[in-house]
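So the structure is just underneath, and the comments pick up after that.
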Amino acid sequence: MKTRIFRLTTLAALLTATLAGCGSSNDSQTSTVLTGVAASGAPLANADIVVCGANGAKKTTSTDSQGAYSVDISGLTAPLLVGVTSAPLSPVNGIMQPINGTKLYTAILSSLSSGSNIANVNQLTDKIASDVATTDMNLKGSVQLYNACASGVVAKASATTIKSSTDSLRSLVSDALTAAKVSNVSAFDPVTTAMKADHTGVDAVLDMIYHNRDGFGSATDNQLTATHLYDRNMQELSATNVALDATLKAWSSYKTRIFVIGDSTASNYGKDVAPRTGWGQTFDRFVADTTTTKVVNLAQSGRSSRSFITEGWYAMLANNLQKGDYVLVQFGHNDEKCTTTASLDWANRCTYPNSATSAVQSANATSATGTDGTVYSVPPGVATTDLSFQRSLEKYVALAKAKGATIVLLTPVTRINQDKTVTTYNEGAFPITKSTHITSKGDYFGNYSQTVIDTGKANSVPVVDLDAKSIAFMNSVGVGTGGLDATGGWRAYHNSTGPADFAKYPYYKTLYAADGVTPLAYSSQTAGNYMNADRTHFKESGAVKVDEMIIEGIKADTSGALSGLVSLLK
């Protein structure tokens, strides 16, 4: 009797075990392995990997020297979020973020099969994950998605959004994939297509792409947000701008590179906001031989000398700068965002100018009281010297000298003052009698252009006083013929788009009230519409004029430090 009971019990146990192994391919109890490669045109070696399931379960591992990883994800349900970090994240505004060049990429794997699954993590997968995060989860991008990994928020990722973003991205890189001899391009998925981080195939395409995110570009930004991808001309890859061009040469293949570092007055702009143009976008027109010399425009809208570093753009410069290169640095417009202590602008972008006696000013002399009544000396996690404009600029000087490159500091190009007696449209006020980069608000007052000059003198590096040159030029043209339909004058150089151009540049079309007849007030029009002409940013003619001023200053340098640069210019 005991023998029969034992046999029946054994048979039942075997039957139970057999049935337990017959679940569906997405059964969280199925033993499942996830493998992949973390890369960015090179392996992300010894990097931390985290994998989170839709059920909130999480697994961790790390990559090997080739960027490859493998992890048992039994217990996790699809869709999965996979994240890789090259270094620990740091707290900024109380949020853990990848700063100062730390790489963070994410990927979403929509479904699982039993056995082995692939989930690569790279610039392309992060772009898709960022799109899905903003569309399906009401998040700001892949950083916020990564920080919410264990919450199960990835469950909100829809197959429709993932497919749409993947298809769109594939169309932008398909020619490059073909050139790199990737097979079955029409079915390419950067998450699941097998690859190696060896500069061939998919990784060769990653070599052509630069990655970063929207950052601290306004008074309301407390974290890095949407992902953007750029080609070797630093033009954004998008359906409204450009696709990836595999024929563009790597920066390293040029004998000499001229790096442009700065803010929105210098940055590149896409076709969607044309004719707005930064002076760095047109600077290569003045290079004598573009087959041996490359202008790399890293300037970014909204950035100060400090946030450019925090957001990782400085690291991009540092990783590519070589002996014999040149660096043109123009900051100031956004370093001035110091008016309200304890604001996000103060926390993320502000640097203080030198005093009237050229003394360095940072936040180590006094404490300040924020709008919430809290006493601050510096933003949390920020060194006191980081709030000095001169000390911030000196980081670029030190980098250039360490790399054997030559740096040129530029004072910030002037703004156009507003004539407030004109109430129906945005008009400039002339003459401009002093620098528009002098601040008398916030904790420390001073002149940002003079601080650039002080920095050059203190570090024995050349300075082009672009502020003074642009003031003189704009005063020479003034308001032109005057009136809303003026010809000539400052609006011939600054971004001002009229009705005759709206068909070509619809971004600037006049906005109307609900009746469809009455134009909104000029201040409600898009900056660059002729009613609200942009007093800071340029159209192509203005960008070229600024280039000419800069080159005039470079050629006038008597120190001898810029003779090599002069020889590269027309």
Requested in this report: On a C-alpha basis, how far is the centre of the stretch 293-366 from the centre of the stretch 169-216 in Å? Whole number, if you could?
Outcome: 32
**Report entry** Karplus-derived HN-Hα couplings along the stretch 238-255 (A = 6.51, B = -1.76, C = 1.60, θ = phi - 60°), whole Hz, x at Gly and Pro
**Finding:** 6, 5, 9, 10, 9, 9, 5, 9, 6, 7, 5, 6, 5, 4, 5, 7, 8, 5
Query raised in the report: For semi-axes √(5λ) of the Cα gyration tensor in Å, the listed values are [x] 81, 34, 26; [y] 49, 26, 25; [z] 50, 29, 21; which was obtained by calculation from the structure presented?
Result: [y]
**Report entry** Charge dipole magnitude, Cβ of K and R +1, D and E -1 - the stretch 375-445, Cα centre, debye nearest 20
**Finding:** 220
Query raised in the report: Label LYS163 and THR220 with points 7 Å out from Cα along Cα→Cβ: what is the distance between them in nm?
Result: 3.4
Report summary line: Here the percent of antiparallel bridges among DSSP beta bridges lying wholly in the chain, to the nearest 5, is 60
Query raised in the report: What is the calculated FRET efficiency for SER31 to LYS255, with r their C-beta to C-beta distance and R₀ = 51 Å, to the nearest 0.05?
Result: 0.40
Report summary line: Once both label points are put 7 Å beyond Cα along the C-beta direction, the ALA150-ASP501 separation in nm becomes 5.3
Query raised in the report: Averaged per residue, what accessible area in Å² does the stretch 482-539 show with a 1.4 Å probe, protein chains only?
Result: 49
Report summary line: Carbon and sulfur atoms account, in whole percent of the 1.4 Å probe accessible area of the stretch 65-206, for 51
**Report entry** Candidates per trypsin sites (Lys or Arg not before Pro) in the stretch 158-266, loop by DSSP, up to 13 other Cβ within 10 Å
**Finding:** LYS181, LYS249, LYS255
Report task. Mind pulling the angle between the C-alpha long axis of helix 540-556 and the longest principal axis of the chain? Nearest 10 degrees, somewhere in 0 to 90. Result -> 70
Query raised in the report: Ranked from the most accessible area to the least, with a 1.4 Å probe and all protein chains present, what is the order of THR518, THR526, THR421?
Result: THR421, THR518, THR526
Query - Reachable lysines from LYS196, criterion Cα separation under 27 angstrom, eight or more residues apart if same chain - result: LYS58, LYS59, LYS103, LYS127, LYS163, LYS181, LYS249
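Hey, what's the stretch 78-174 come to in accessible area per residue, 1.4 Å probe, Å²?
Counting only protein heavy atoms, the per-residue value for the stretch 78-174 is 34 Å².
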Query - Rounded if a/c under 1.5, otherwise prolate or oblate - the stretch 42-137, Cα gyration tensor axes - result: oblate
Report task. Keeping the other protein chains in place, figure out the carbon and sulfur percent of the accessible area of the stretch 312-455, with a 1.4 Å probe. Result -> 50
Query raised in the report: How much FRET efficiency would the formula 1/(1 + (r/R0)^6) give for GLN66 and LYS441, where r is the Cβ-Cβ distance and R0 is 45 Å, rounded to 0.05?
Result: 0.25
Report summary line: To the nearest 10 degrees, the tilt of helix 123-136 (Cα long axis) against the first principal axis of the alpha carbons of the chain is 90
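All other residues with a Cβ under 10 Å from the Cβ of GLU336 taken together, and with Lys, Arg as +1 and Asp, Glu as -1, what is their net charge?
Neighbour charge sum, excluding GLU336 itself: +1.
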Requested in this report: Using Cα positions and a limit of under 18 Å, work out the lysines in reach of LYS434, with same-chain residues fewer than 8 apart set aside.
Outcome: LYS420, LYS469
Report task. For helix 466-477, report the angle its Cα long axis makes with the longest principal axis of the Cα atoms of the chain; keep it between 0 and 90° and round to the nearest 10°. Result -> 60
Query raised in the report: With labels modelled as points extended 7 Å from the Cα through the Cβ direction, what inter-label distance (nm, one decimal) is found for SER90 paired with ASN319?
Result: 1.6
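Report the net charge of residues surrounding SER388, where surrounding means a beta-carbon distance below 13 angstrom and charges are Lys +1, Arg +1, Asp -1, Glu -1.
On the way: positive: ARG306, ARG391, LYS395; negative: ASP335, ASP386, GLU394, ASP443, ASP454.
Residues near SER388 contribute -2 overall.
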Query raised in the report: Assigning unit charges at the beta carbon (Lys, Arg +1; Asp, Glu -1) and nothing else, what dipole magnitude in debye, to the nearest 20, does the chain show about its Cα centre?
Result: 820
Report summary line: Going residue by residue through the stretch 176-190, the Karplus relation 6.51 cos²θ - 1.76 cosθ + 1.60 with θ = phi - 60° gives ³J(HN,Hα) values, rounded to whole Hz and with x marking Gly or Pro, of 5, 4, 4, 5, 8, 6, 7, 7, 6, 4, 5, 10, 4, 10, x
Report summary line: Sorting THR436, THR558, THR178 on solvent-accessible surface, 1.4 Å probe, most exposed first, gives THR558, THR178, THR436
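The values are calculated or read from the model by the stated rules, or taken from the named source; none is laboratory data. For clarity, every value in this text was computed on a predicted model and none was experimentally measured. No Cβ is skipped: glycine too gets one built from the backbone with ideal geometry, and neighbour counts run over all protein chains shown. The accessibility values were calculated without ligands, DNA or RNA, using every heavy atom of the protein model including side chains. Shrake-Rupley method; radii C 1.70, N 1.55, O 1.52, S 1.80 Å.
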